[in-house]
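To start, the structure itself, in C-alpha cells.
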Amino acid sequence: MVDEIISEPVARQNRFASLDVLRGFAVLAIFVVNIKAMLAPFPYYANPSLWSGPHDMMVASLQAFLIDDKWRTIFTALFGAGLVLLAEKSARAGAKPTARIVRRNLWLLAFGLVHMIGIWIGDILTNYALTGFVAMLFCQKSAKALWAWAIGIFLVAFVWLNGVNLLFLQVPEARAEIEPILWFPGAEELRKVFAIYLSPDPLTHISARAGEAAGFIPFTVLGGFSAMTLSIMLAGMALWRNGFLKGALSAKTYGWIAVIGLSIAIATDAGRWFALVQSDWSFEIFNYSQLSNSFNGLAGGIGYSALILWLMKKGHAFGPMAAVGRMAFSNYIACSLIGTTLAGGHAFALYSKLSNFEMMGIVAITWIILILFSVAWLSVFRFGPLEWLWRSLTYGRLQPILKERAGA
C-alpha cells in the first residue's frame, strides 16, 4: 500500500509553483552560455577576448554579468531541494526514502552517461547523480544543520578547487599543457577539435567524448567540483527547509535578499571583468579571478531566485515558465541536441562558424520553441517525455502519462 501511495505522481495542485518557475528560468538561462561550448572550442567559452565579431564582446559581458555561475547554482540548489521533497513525500507515506532516491540517482547516472558520451561532454547530470548519493544522507537534517554542513563543505571545496587552479600556474609543464585547452588555443589544438567536431561520422564524435569522459569524471571528483556541487545542494536543502524556495517568505524579505545578492554578484563580476581587461586577458589573472566565482555564483543565484519569488509574490504567475520547469529534464537534453546537431559535421557543421552574437539568435529561437512545446505538451500529458521515463524507471512500473479529461 505504501509503495502505491508514493509511486503516485505529484498532483498538480500540490506542486510548488516556485520550484517549477525557478527551474524553468534556470534551464533556459544555462543554454545561453552552454551553446558557446557546443558550437565553438572550449577557450571561447571561458575567454571573451577570442571573439572577433562587432557585438561579441558586448554579448560576452552580458553572459558574464547575467548568467555565468548564477543559474547553474540555482539549478543545483533545486536538485538538492528536490531530494528533500522526495524524502518528505516518502516519510508522509510511511516509507524510507533511501531505496527510492538510490534508484532515482542510478537512473539519472545512466541518463547522464548517455548524454555525456552520446550527445555533449558538458553534461551536468552525471555529477548531480554521483553527488546526489552523498547529498541524500543529509535529507533528514534541520535547516540549521544543513547550513552548517553547506558552509563547511563550501569552504573546503573553495580551497580545494582554487588550489588546483592556482597550482597550474606554479608548474610550467602543467600550465603549458592546460592554457591552450582553457584559454588561448594553439593552431594544433584547434586542428584537433575541428577534425573531431566537423567529422561527418557520428562515431568519431562519440569516441572522442568517451575518451574525454574517462578523464572528466575523475577530475570532477578529484578537482573539487563535486564537493562544491554538494555544498550547493545542501544549501538548496536548507533553503527548502526554511521556506525560501517554497515562496513562504514575505515580499519585502525577498526584495531585500534580491537587492543584496545581486549587488554582491554585480560588484564581484565588475571587479573580475576589470582585472581581466586591464591585464589584456591574462591566463594568470583568469585563474586568480576564479577565486570570486564561487561566491559570485551563490550571491547571484540566491539574488535571482529572490527576485523571481518577489515577482511571484507581486502576482506574476509565470505560467509558461512553470511549464518549462516541469519539463526541465527534457528541455535540458533538447538544448544539447539542438546545439550539437547544429555544430556537428554529421548534421549542419556550424562548429566555430558562428559569432557569439549569432548564437544568441539560436538561443532566442530555441527558447520560443521550448516554451511553446512545453505548454502544448503539458496540456495533454502529466509529465515531460523524459520526466515520465525517469519516473517510471524509478518506481519500477509505467506511470500514467495522459491527463484525465474532465467528465471522462
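Take the Cα radius of gyration of the stretch 327-395 and divide it by 2.2 N^0.38 Å, with N its residue count; two decimals is plenty.
Numbers: Rg = 14.6 Å, N = 69, 2.2 N^0.38 = 11.0 Å.
Cα Rg divided by the expected 2.2 N^0.38 Å: 1.33.
Under the Karplus relation 6.51 cos²θ - 1.76 cosθ + 1.60, θ = phi - 60°, what is the ordered set of whole-Hz ³J(HN,Hα) values for the stretch 188-193, x standing for Gly and Pro?
Coupling constants for the stretch 188-193: 5, 4, 5, 4, 5, 5 Hz.
With N residues in the stretch 25-77, what two-decimal value do you get for its Cα radius of gyration over 2.2 N^0.38 Å?
Cα Rg divided by the expected 2.2 N^0.38 Å: 1.12.
Could you work out the per residue convex hull volume over the alpha carbons of the chain, in cubic angstrom?
Normalising the Cα hull of the chain by residue number yields 147 Å³.
Please express the shape of the stretch 133-231 as an equivalent ellipsoid: the semi-axes are the square roots of 5 times the eigenvalues of the C-alpha gyration tensor, given largest first in whole angstrom.
35, 20, 9
Can you check how the C-alpha radius of gyration of the stretch 111-186 compares to 2.2 N^0.38 Å, as a plain ratio? All intermediate terms of the calculation are to be shown ahead of the outcome.
Numbers: Rg = 17.3 Å, N = 76, 2.2 N^0.38 = 11.4 Å.
In units of the globular-protein estimate, the stretch 111-186 measures up at 1.52.
Any chance you could tell me what percent of the C-alpha pair distances in the stretch 59-122 go past 19 Å?
That tail contains 55 percent of the Cα-Cα pairs.
Straight-line reach only, C-alpha to C-alpha below 24 angstrom: list the lysines that Lys246 could link to, leaving out same-chain residues fewer than 8 apart.
Here the lysines satisfying the reach criterion relative to Lys246 are Lys70, Lys89, Lys96, Lys141, Lys144, Lys313, Lys314.
If the viscosity is 0.890 mPa s and the temperature 25 °C, what Stokes-Einstein diffusion coefficient in µm²/s follows for the stretch 223-324 when Rh is the Kirkwood radius over Cα pairs?
The Stokes-Einstein estimate is 160 µm²/s.
Whole number in Å², please: accessible area per residue of the stretch 233-343, 1.4 Å probe, ligands, DNA and RNA not counted.
That works out to 38 Å² per residue.
Please report the carbon-and-sulfur percent of the accessible area for the chain; probe 1.4 Å, protein heavy atoms only, DNA, RNA and ligands left out.
The value for the chain is 70 percent carbon and sulfur by accessible area.
When the Kirkwood radius is taken over all Cα pairs of the stretch 256-408, what Stokes-Einstein diffusion coefficient follows at 20 °C and 1.002 mPa s, in µm²/s?
Details: Rh = 19.3 Å.
Stokes-Einstein gives a translational diffusion coefficient of 111 µm²/s.
Quick one, can you get me the convex hull of the C-alpha atoms of the stretch 10-102 expressed as volume per residue in Å³?
Residue-normalised Cα hull volume stands at 121 Å³.
³J(HN,Hα) across the stretch 98-107 via Karplus (A = 6.51, B = -1.76, C = 1.60, θ = phi - 60°), whole Hz, x for Gly/Pro?
Rounded to whole hertz, the list is 4, 4, 5, 5, 4, 4, 4, 5, 4, 5.
How large is Rg/Rh for the stretch 253-295, to two decimals, with Cα atoms and a Kirkwood Rh?
1.13
What translational D, rounded to a whole number of µm²/s, comes out for the stretch 61-183 from Stokes-Einstein when the hydrodynamic radius is the Kirkwood one over Cα pairs, at 10 °C and 1.306 mPa s? Let's see the in-between values first.
Values: Rh = 17.2 Å.
Answer, rounded: 93 µm²/s.
Before rounding to the nearest 500, sum -39500 (n - 2.57) across all DSSP H runs of length at least 4 in the chain and divide by the residue total; then give [θ] at 222 nm in deg cm²/dmol.
-25000 deg cm²/dmol
The values are calculated or read from the model by the stated rules, or taken from the named source; none is laboratory data. The structure presented is a predicted model; accordingly, all values stated were derived computationally and were not measured. Keep in mind that these areas ignore ligands, DNA and RNA; they rest on the heavy atoms of the full protein, side chains included. Shrake-Rupley method; radii C 1.70, N 1.55, O 1.52, S 1.80 Å.
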